[in-house]
There are 2 protein chains.
Amino acid sequence: MASSMKFTDCSPSTTVRLLPYTRTRLRSSDGAVLSHRLLALPRPAIAYPTAFVSRSSASTLPVVSASISTESTAKVIDGKLVAKQIREEITAEVSRMKEAIGVVPGLAVILVGDRKDSATYVRNKKKACESVGIKSFEVNLPEDSTEQEVLKYISGYNDDPSVHGILVQLPLPKHMNEQSILHAVSIEKDVDGFHPLNIGRLAMRGEEPLFVPCTPKGCIELLHRYNISIKGKRAVVIGRSNIVGTPAALLLQGEDATVSVVHSRTKDPEELTRQADIIISAVGKANMVRGSWIKPGAVIIDVGINPVEDASSPRGYRLVGDVCYEEASKIASAITPVPGGVGPMTIAMLLSNTLTAAKRTHNFQ
Amino acid sequence: MASSMKFTDCSPSTTVRLLPYTRTRLRSSDGAVLSHRLLALPRPAIAYPTAFVSRSSASTLPVVSASISTESTAKVIDGKLVAKQIREEITAEVSRMKEAIGVVPGLAVILVGDRKDSATYVRNKKKACESVGIKSFEVNLPEDSTEQEVLKYISGYNDDPSVHGILVQLPLPKHMNEQSILHAVSIEKDVDGFHPLNIGRLAMRGEEPLFVPCTPKGCIELLHRYNISIKGKRAVVIGRSNIVGTPAALLLQGEDATVSVVHSRTKDPEELTRQADIIISAVGKANMVRGSWIKPGAVIIDVGINPVEDASSPRGYRLVGDVCYEEASKIASAITPVPGGVGPMTIAMLLSNTLTAAKRTHNFQ
């Protein structure tokens, strides 16, 4: 796949320009979690390329310079494939649960307003639920709804025993207080994992969150499924958002990585990224991370999904990550593509969280 | 003060040996918070040495090597002096509150068992409360109390309107579940700030914790009071405990530092510490951080309070920090001594949190 991707505009000085909804798309990420432990299933039998696994200790790698190497050497971390595998595992678990105790996990999605991108996300979630046998509930409220109306629906779903997970599609209309709406979701049904109590438990040793936000957990899941060791590794997270960067850093630290968080106020971010064995980037800036930022042999997880103008595309744009793939793939040992990397993991993790919620409610293991 | 301290045993290969209760002492730290904003008072008028302030951008400093310099050059960050100033500010505020609305802040301390060190801490807290006009409540339960008995007292203090802060002295006897007891404290009275909801809010942008754990907030308060800039600086926190390391890292990040957390699984920790403009060490290992770990001009906040054997002391031991003071004070631009650095800030922050709790309950500003 890597060889088929042709990015020739990694330099920010070229015609690459962020389209205005870049940030919003990042904010629309949902939270979900999956681990082999939770699903109690063996690792997938997919024949992943494993050549890079033994190279995760990057300091032993020969130096590969972008200037002298013109071929992509990094293994592609195939999020689409992993997400498919996870959905199959969830399908089997949902089926087992239904047969054993007659309970079907349910996910309710609340959409306010008529943003096209949000409607697409909600539709995709609904389809994903159907594909694994999770029952989906949906309410679509008009843009000019009051906060009270949204809260009424949340309250209803909080009380509804057939709903195990509740998701409020972000962003909400500007006249609403996002915090007070998100906090109204019952902690037991907060499959997004955005509640401060969940984030606090994620941060604290000896505490367990009920749910972990899905995009960061999707990142870690990719590392796990590709047998990329985290313990003792130097990791850099670029970005400190509540829904990706901060929980990703906490998760990496929880797995014994030594974590540095780079953000908009960081001077000379590449000084840190160049030391990292693992980089997770979640800032929403097209091609920001250049080849020179990367240590040879590092593993790159690119959360950014940035539309850039592309006259040759029928849509007039194409999607690129935060990382200059063309340069990075020559230096890293493994890298997620955009699209097809972290993206597909998000909904898979949401489904997993919903399954977890249903299992927990009914004490089903 | 620095010149009067003589540490000649920074090397772990000498006779320095951790006494067995080192860790326990660290765990006994309490949480509290104070900021100029909360107190609405001007910065203290104490004549602090400020020569180092303009040197906080360490990269511009001349290289000072421990091997060629025999004199201490670092300014001493005098926690004892700052804590005294803060207590005076609190005294004034408590008095103003009492006169205005007739309310006296109250702090309840629950001590279980007969550990001498715990009893000393509780006695010191009580005395500190008295010194600023905060009313103190105390219950001392026997070692073999049940969890239910402790919970009964917490419940009583939760309901008591004259109690604004509740503190459970750690460690608890081993037969008790520390988490379930700490979680029973009403979030509005959790002046220790150890509740996951508080830690989560600390971690999240746009959220505000009700209380911040006192030791890490004491560290940040020292930086503030000495006008040491945090924004954009590289910071390393050594240790990732729930009560010091993790919240300290979150606080530094919240103030726009670029933070790395070093811990027991970190390979080559000094690679990171040598890049840091600010180091906060909270691991409980005597003299672990050597001069060679420190960038010239860095600021060192040493949370460790480690007893080491000292035959020349009447007590048979003396207290040293995590940082080899003798070496560090020749390289750093500013450093906290042990004792007399972070230590005295803990109780000051606890008093501050109690005042904050009372003000919030009575909507007094």
Counting only C-alpha contacts under 8 Å and six or more residues apart, can you give the relative contact order of region A:102-187 as a whole percent?
42 percent
Only Lys, Arg (+1) and Asp, Glu (-1) charged, at Cβ; region A:213-343 dipole about Cα centre in debye
160 debye
Would you kindly state how much longer the chain becomes between B:LEU151 and B:GLU271 on full extension, computed as 0.36 nm times their sequence separation minus their alpha carbon distance, in nm to one decimal?
38.6 nm
Please report the antiparallel percentage of DSSP beta bridges with both residues in region A:213-343, rounded to the nearest 5.
20 percent
Going Cα to Cα from A:LYS295, which aspartates and glutamates come in below 16 Å? Please leave out same-chain ones fewer than 8 positions away.
A:ASP268, A:GLU270, A:GLU271, A:ASP277, A:GLU326, A:GLU327, B:GLU271
Please give the Cα centre distance for region B:295-365 versus region B:215-275, rounded to the nearest Å.
14 Å
Lys, Arg +1 and Asp, Glu -1 on Cβ, resulting dipole of region A:79-224 about Cα centre, debye, nearest 20
500 debye
Average partner coverage of A:254-262, which counts Cβ from other chains inside 10 Å
6
One finds, for B:GLU71 and B:SER312 with R0 = 22 angstrom and r their Cβ-Cβ distance, a FRET efficiency to the nearest 0.05 of 0.40
Under 17 Å Cα-Cα from A:LYS125, which lysines qualify once same-chain neighbours fewer than 8 residues away are excluded?
A:LYS80, A:LYS84, A:LYS116, A:LYS135, A:LYS189
Length-normalised contact order for region B:226-265 - Cα pairs under 8 Å, 6+ apart - percent
49 percent
How much net charge surrounds B:VAL236 when only other residues with a Cβ under 11 Å from its Cβ are counted (Lys, Arg +1; Asp, Glu -1)?
+1
Distance in nm between pseudo-label sites at B:ASP144 and A:GLU88 (7 Å out along the Cβ direction from Cα)
6.0 nm
Roughly how crowded by other chains is peptide A:234-243, in terms of the mean Cβ count from those chains within 10 Å of each of its Cβ atoms?
3
Testing the spin-label approximation: label points 7 Å from Cα along Cα→Cβ at A:ALA119 and B:ASP160. State their distance in nm.
6.0 nm
For region A:258-365, which trypsin sites (Lys or Arg not before Pro) pass both filters: DSSP loop (anything but H, G, I, E, B) and at most 10 other C-beta atoms within 10 Å?
A:ARG315
D (Stokes-Einstein, µm²/s), Kirkwood Cα radius, region B:228-268, 1.306 mPa s at 10 °C:
154 µm²/s
With point charges of +1 on the Cβ of Lys and Arg and -1 on the Cβ of Asp and Glu, referenced to the Cα centre of region A:102-187, which listed residue (A:ILE166, A:LEU141, A:PRO105) lies farthest in the positive direction of the dipole?
A:PRO105
From the P(r) of region B:122-232, could you give the percentage of C-alpha pairs in the tail past 23 Å?
39 percent
Treat each spin label as a single point 7 Å out from the Cα along the C-beta direction, and report the B:LYS126 to A:GLU99 distance in nm.
6.5 nm
Cα pair distances exceeding 18 angstrom across region B:213-343, given as percent:
48 percent
Grab the other residues whose beta carbon is less than 14 angstrom from that of B:ILE101, score K and R as +1, D and E as -1, and report the net.
+2
Residues along region A:171-217 losing 40 Å² or more of accessible surface when the other protein chains are present rather than the chain by itself (probe 1.4 Å):
A:GLN179, A:PRO196, A:LEU197, A:ALA203, A:MET204, A:ARG205, A:GLU207
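Where a ≥ b ≥ c are the square roots of the eigenvalues of the C-alpha gyration tensor, would you call region A:102-187 rounded, which needs a/c under 1.5, or, failing that, prolate if a/b is larger than b/c, or oblate?
Working: a/c = 2.41, a/b = 1.32, b/c = 1.83.
Note, shape of region A:102-187 comes out oblate.
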Straight distance only, please: which aspartates and glutamates reach the Cα of B:LYS174 with their own Cα at less than 12 Å, same-chain residues fewer than 8 apart left out?
B:GLU143, B:ASP144, B:GLU147
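The values are calculated or read from the model by the stated rules, or taken from the named source; none is laboratory data. These numbers come from a predicted model, not from an experiment. Cβ: placed from backbone, ideal geometry, glycine included. Neighbour counts: every protein chain shown. For accessibility, only protein heavy atoms count, side chains too; no ligands or nucleic acids. Shrake-Rupley method; radii C 1.70, N 1.55, O 1.52, S 1.80 Å.
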